[in-house]
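Only the coordinates and a few stated rules stand behind these numbers; no lab work does. In this text, all values refer to a predicted model and were calculated from it rather than measured experimentally. Here the Cβ positions follow ideal geometry from the backbone for every residue, glycine too, while neighbour counts run over all protein chains shown.
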Amino acid sequence: MNLQELDLQYSPSKWSKRFSAEEVIDQHIAAATSASNDAKATIPSELGVPYGTKEGEKLDIFGGESLPKEAPILVYVHGGYWQSLERSISSYCVKPFYEAGIRVIVAGYDLAPTVKMDGIIEEIQNAAQYILNLASNLGSKSVWFAGHSAGAHLSATLLSSAWMDSLNPAHKVLLKGLILISGVFDLEPLLPIYVNDALAMTSKDAVKFSPMHFYVSCDVVNIKVLVAVGENDSPEFQRQSKDFANLLLSKGCSCDFFLVPTVDHFDIVEKLNFDGYELTQKIIKLIK
C-alpha cells in the first residue's frame with residue numbers, strides 16, 4: 001500500500017458508518033466519559049491505586065468488599081494509539097461485569113511522546129505483575145486481560161515467553177486469558193504514517209514490539225484468547241486480528257476469532273456497557 005492508503009486503513013475514525021471522522025471520536029469520548037462516571041458513582045471502587053512510581057502507573061479497582069475475595073478479575077487496558085485517551089474515562093465496561101460477579105481493574109499507563117513503546121510495554125507488564133500478586137493475596141480464582149486497539153496490543157505483549165518465564169509459578173497459573181479487541185499486532189505498517197510521529201519507532205523497534213513476531217511461551221496453551229474485531233473496522237484492522245488469531249492457533253493456543261456484527265472501531269467497546277451486547281456476554285461466559 002502507498003502512504004495514502006496506509007493512512008486511511010489505520011485511521012479508524014474514517015471507517016465509521018454512524019458519524020463523520022471527527023464526530024465519531026467526540027461521541028466516543030462523550031460515551032466513555034458518561035459511562036465511566038456512572039460506574040464510579042454507583043460501584044465501590046479504589047481510584048488511582050499506584051502500581052509503580054511513574055505518573056501514569058495507576059489502577060482503578062472496582063468491586064471492593066461487595067464481591068467475594070475469590071471473584072475473577074478482569075483487567076481493562078484502554079486504546080488511543082499509545083498516545084491519547086486515559087484511565088479516568090475507561091471504566092465504561094465495568095458495570096455488566098461487576099453485576100456478573102467479576103472484579104474489574106482499569107489499568108493506566110504513561111503516553112507517548114512522554115514515554116516510548118518499550119516504556120509503555122514495561123508499565124503494562126508491571127501492572128500485570130502487581131495485579132497477579134493482588135489476585136494471589138485475595139485468593140482470586142483467575143485473572144483476565146482485555147484491551148482495545150493499542151490496549152489489545154499491550155495486552156498481547158503478555159504472551160511474550162520472556163515475560164511469562166519471569167513470573168512466579170503461583171502467579172502464572174492465575175493468568176487464564178486475554179480478550180483482544182480491534183488490536184494492532186504487527187507495528188511495521190505504522191512506521192511511515194502519522195501514528196509513529198509521537199512513538200518514533202525504528203524498523204527494529206517495530207519488529208521487537210510486535211506480538212506477531214514474539215516467541216510465544218508454550219505455557220500459553222493453558223491461556224484462552226478471544227480475538228474480536230468490528231465488522232465496520234477497516235480491512236487492515238480485520239486482517240491484523242485474523243492473522244494474529246491464526247498465528248496463535250498455529251502455535252497450539254486456545255484461540256477464538258469473533259467478527260462482531262455491525263460495530264465499528266469505537267462502539268465495539270462502547271457497547272460493553274450493556275449486558276445484552278453479544279461481546280459482553282461472550283466475555284462473561286469465557287471468564288465464568
Calc'd 3J(HN,Hα), segment 261-268, phi into Karplus 6.51 cos²θ - 1.76 cosθ + 1.60 (θ = phi - 60°), Hz, glycine/Pro = x, comes to x, 6, 9, 9, 5, 9, 6, 4
Proximal lysines to Lys14, defined as alpha-carbon separation beneath 23 angstrom and excluding residues fewer than eight positions away on the same chain
Lys242, Lys271
Calculate, in nm to one decimal, what Val207 and Lys69 gain on full extension: separation in residues at 0.36 nm each, minus their alpha carbon distance.
45.7 nm
Links exceeding 24 Å between C-alpha atoms in this model, out of Lys17/Lys95; Lys54/Lys285; Lys172/Lys224, come to Lys17/Lys95; Lys54/Lys285
Provide the net charge surrounding Ile89, with neighbours chosen by a C-beta distance below 12 Å and charges set as Lys +1, Arg +1, Asp -1, Glu -1.
-2
Calculate the spin-label point distance for Ala170 paired with Leu191, positioning each point 7 Å from the Cα along the beta-carbon direction, and give it in nanometres.
4.4
Per DSSP H run of n ≥ 4, the term is -39500 (n - 2.57); total these for the chain, divide by its residue number, and report the mean residue ellipticity at 222 nm rounded to 500 deg cm²/dmol.
-11500 deg cm²/dmol
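Placing unit charges on C-beta atoms (Lys and Arg positive, Asp and Glu negative, everything else neutral), compute the dipole magnitude of segment 3-287 about its Cα centre in debye, rounded to 20.
Result for segment 3-287 is approximately 840 debye, rounded to the nearest 20.
Any chance you could run the full-extension gain for Ser11 through Asp26? It's 0.36 nm times the residue separation minus the Cα-Cα distance, nm to one decimal.
Numbers: separation 15, 0.36 × 15 = 5.40 nm, distance 1.48 nm.
Answer, rounded to one decimal: 3.9 nm.
Estimate the FRET efficiency between Ser84 and Phe274 by the formula 1/(1 + (r/R0)^6), using the beta-carbon distance for r and 25 Å for R0, to the nearest 0.05.
Once the sixth-power term is evaluated, E becomes 0.55.
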Using θ = phi - 60° and Karplus 6.51 cos²θ - 1.76 cosθ + 1.60, couplings along segment 191-208 (whole Hz; Gly, Pro as x)
4, x, 10, 3, 4, 7, 4, 7, 7, 6, 6, 8, 4, 4, 4, 4, 5, 4
Counted neighbours (other Cβ, 10 Å), sorted fewest up, put His148, His78 in the order His78, His148
If you work out semi-axes √(5λ) of the Cα gyration tensor in Å from the coordinates, which of (i) 39, 23, 18; (ii) 51, 38, 23; (iii) 26, 22, 18 do you get?
(iii)
